[in-house]
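> So that we are looking at the same thing, I have put the structure below in structure tokens.
The values are calculated or read from the model by the stated rules, or taken from the named source; none is laboratory data. Computed from a prediction, not measured in an experiment: that's the story for all the values here. Backbone-built Cβ (ideal geometry, glycine too); neighbour counts: all protein chains shown. These accessible areas exclude ligands, DNA and RNA; they are computed on the full protein's heavy atoms, side chains included. Shrake-Rupley method; radii C 1.70, N 1.55, O 1.52, S 1.80 Å.
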Amino acid sequence: MSISFRDRVAIVTGAGGGLGRAYALALAKRGARVVVNDLGGARDGTGHSDAAAAVVEEIRVAGGEAMADGGSVTELEQMQAMIAKAKQAWGGVHILINNAGILRDKSFAKMEMADFRAVVDVHLIGSANATHAVWELMREQNYGRILMTASSTGLYGNFGQANYGAAKLGLAGFAKTLALEGARYNVRVNTIAPTAATRMTEDIFPPELLDRFEPEQVAPAALFLVSEDAPTNLILGAGAGVVQAAYVTLTRGAMLREATPEAVAAQFAEITDRTGETTPQSGAEQAMTIMQRLQGE
Ligand code: NAI
């Protein structure tokens, strides 16, 4: 099995460095024409540079096709202009990897709401802006592959990252509904939770592990999730060549003996018993499990 991106147009946001750069290079190597988006800011989102142009140059030197886009994901009009530019140059947009991100870490007690907002704005609203800008085109094309970037912080929590965690689990939730709405139009939407040594994680990675956690070790999972035969509605973790699947599961639960909080306390063990746990593929499926329980009475 060989996965090719020939005749595909891909956009990777925040691709001026780190993981986004690795994705852009890997996509281009397999034949995609790539829009390298990045405003080239610092880790906290301030400032500008021509980081995107440098990655485009790397792709061209390697024989690939790419264009730079310096737009900010936080600006809907700039995302619309980016999509229009790609469509005009290359006829369509088949793949969007929402990867741009910033950090403003602090314990919640010390966090200013401005830092909460800034992080949600880049990760969550930024991904919504880029996705909204391309959504109609993908429906019209009857083809689209979209990848959201979550994080172990979003899925499981991490001290000092309340803003980032809120945005990241928000992205996984965003992907789940888009996967349902896109299904009829062959638009598949997945989520990746990467672990890689980049400037974002430079102060938490032990130096001896830096080599194992290269961004290039995450790219295979990302590329699979935007390939022709990609699944949809999946969350994959990827780092150092290890790929995992993460699920939002549901226990069988308990039918309360009476409608009181005391009954919840009394039946807590049954409510949280993970035997026979399921993974609903939509909110409606969860509601169905309640209905089935009522019918089984
Ligand atoms: P990075 O800092 O190298 O990459 C993020 C890129 O996004 C930067 O090049 C930055 O200039 C760009 N960016 C920031 N704001 C932007 C905006 N408004 N518009 C356009 N571009 C913007 O860090 P890294 O590690 O490569 O992160 C990539 C993604 O992976 C992020 O979403 C991050 O949250 C996520 N992630 C990374 C993990 C890791 O272990 N490195 C762990 C979990 C998630």
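> Any idea how far the Cα center of the range 220-297 sits from the one of the range 179-214, in Å?
Spelled out, the Cα-based centre of one part sits 22 Å from the other.
> Can you work out the accessible area per residue across the range 151-297, with the rest of the protein chains kept in place, probe 1.4 Å, in square angstrom?
Per-residue value: 58 Å².
> Stretch residue 156-residue 117 to full length: gain in nm at 0.36 nm per residue minus the Cα-Cα span? Could the numbers behind the result be given before it?
Numbers: separation 39, 0.36 × 39 = 14.04 nm, distance 2.05 nm.
Extra length available between residue 156 and residue 117 comes to 12.0 nm.
> If you take the alpha carbon radius of gyration of the chain and divide it by 2.2 N^0.38 Å, what ratio comes out, to two decimals?
Normalised Rg, Cα atoms only: 1.07.
> For the chain, with a Gaussian network of springs between Cα atoms less than 10 Å apart, report the residue from 226, 34, 264 with the top mean-square fluctuation.
Per the Cα network of the chain with a 10 Å cutoff, 264 tops the list.
> Next up: Dipole magnitude of the chain about its Cα centre, charges +1 at Lys/Arg Cβ and -1 at Asp/Glu Cβ only, in debye to the nearest 20?
That gives a dipole near 480 debye.
> Sort 187-194, 168-175 by packing, meaning the average of other beta carbons within 10 Å per residue, with the highest value first.
Packing proxy ranking, top to bottom: 187-194, 168-175.
> Running a GNM on the chain with Cα contacts under 10 Å, which residue among 238, 269, 89 ends up with the highest mean-square fluctuation?
269
> Fully extended, how many nm does the chain gain between residue 273 and residue 177 (0.36 nm per residue separation, minus their Cα-Cα distance)?
31.8 nm
> Taking every alpha carbon pair in the range 30-95, what does the distance histogram look like in 5 angstrom bins from 0, in percent?
4, 17, 25, 24, 18, 9, 3
> Using only the Cα atoms, what convex hull volume per residue in Å³ does the range 230-293 have?
125 Å³
> Hey, what do the phi angles of the range 181-197 turn into as Karplus ³J(HN,Hα) couplings, whole Hz, using 6.51/-1.76/1.60 and θ = phi - 60°, x for Gly and Pro?
Once rounded to whole Hz, the list reads 6, x, 3, 5, 10, 6, 9, 10, 10, 10, 10, 10, 10, x, 9, 8, 7.
> Also: Just to confirm my numbers, what's the Cα centroid distance between the range 85-136 and the range 32-78 in Å?
Measuring centre to centre over Cα atoms gives 14 Å.
> Could you provide, to the nearest whole Å², the per residue accessible area of the range 20-147 with probe 1.4 Å?
44 Å²
> Run the accessible area of the range 76-135 with a 1.4 Å probe and give the carbon-and-sulfur part as a rounded percent.
56 percent
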